[in-house]
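Everything on this sheet refers to the single structure shown next.
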Amino acid sequence: MADNTTETASPSFEAAAYTAKGTSRDKVALPGELFDGIVNMPVMHQAVKAYLANQRQGNASTKIRKYVTGGNQKPWKQKGTGRARAGSTRAPHWVGGGTVFGPIPRSYAQYVPRQVRALARKSAFNARARENAIVVIDRFEYDAPKTSRMKALVERLGVGDKKVLILTDGLKTNVFLSARNLPTVHVMPYSDVSTYHILWSDTVLIEAGAIGHTLAPIAEREEAPRAAKTSAKANVPAAKKSAAKAAKKAPAKKAAPAAKTAKKAAAKKTTAAKKPAAKKAAAKKKGK
């Protein structure tokens, strides 16, 4: 098997740290015994393949000729009919007969040694650490399930459109229920995580207590989500343009009534000048 093991020059990694509401804080050094920079591709492949195989139920089942109903009587006598000899209508070459070498219920389980699973899990963590895809959360303290709270945290961290794996320090039911309705967020205890789950995710959020860190609480800061900030900035030039257009249209509308009144006054003057001339012409005709 080809050696696909890779190692980084400096095995020390740091991860960004946030509070449970998304307020940024100082970076945290990841433990060196787990994040040593080594990524073993063949071992990860073996662990993921075994995990997916263990999810199969193996319920496919077919009946051989002894389990098919009917066919106990010989269809016709052995000799004298001119046809091929036959002993049962449930023979494999008959319609409705038994299946030869068909699938039967079986187990697809694959066993991977504990040390191999641990090495694959460590390699998956190192692969995510190289991509700066590991984030440390100081603590998850949910009094009750709240999906909007979990969604706000994911969006504030800027990973709302990615697959997020949240690893808690022990079993925390309220955190799990808060993310259950989010299709791209998966919550599980840190001790239960597998290589498959780490490689499935794009970003891994780890509770500080799970990796041996104790972070003091800090004051929360209210910050708008990144998407909202960008959309607000994008809307500023559009608002300016619309205001400029409105300012240009306003004088034009005011000038239009003034022009109409001027035209009406000129028309009245011309009609007033024409009336005396017409009267004079009519008087001359009468005198003649």
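The numbers here are math on the coordinates, done by the rules we state, and not lab data. Keep in mind that what you see is a predicted model, and the values were worked out from it rather than measured. Cβ coordinates were reconstructed from backbone atoms using ideal geometry, including for glycine residues, and neighbour counts include every protein chain displayed.
When you restrict to C-alpha pairs under 8 Å that are six or more residues apart and normalise by the size of region 58-107, the relative contact order lands at 50 percent. Rounded to 0.05, the FRET efficiency of the Ser107 and Trp200 pair, given R0 = 35 Å and the Cβ-Cβ distance, is 0.90.
Per-residue packing, averaged as other Cβ atoms within 10 Å, sorts the ranges 103-115, 198-210 into the order 198-210, 103-115, beginning with the highest.
Quick check on my link table: of Lys49/Lys146; Lys21/Lys49; Lys49/Lys162; Lys122/Lys151; Lys27/Lys122; Lys49/Lys151, which ones sit more than 26 Å apart, alpha carbon to alpha carbon? Before the final figure, lay out each step's value.
Working: Lys49/Lys146 35 Å; Lys21/Lys49 36 Å; Lys49/Lys162 23 Å; Lys122/Lys151 28 Å; Lys27/Lys122 21 Å; Lys49/Lys151 32 Å.
Violating the 26 Å limit, Cα to Cα: Lys49/Lys146; Lys21/Lys49; Lys122/Lys151; Lys49/Lys151.
Placing R0 at 30 angstrom, the Cβ-Cβ distance between Leu171 and Gln115 gives a FRET efficiency of 0.75 after rounding to 0.05.
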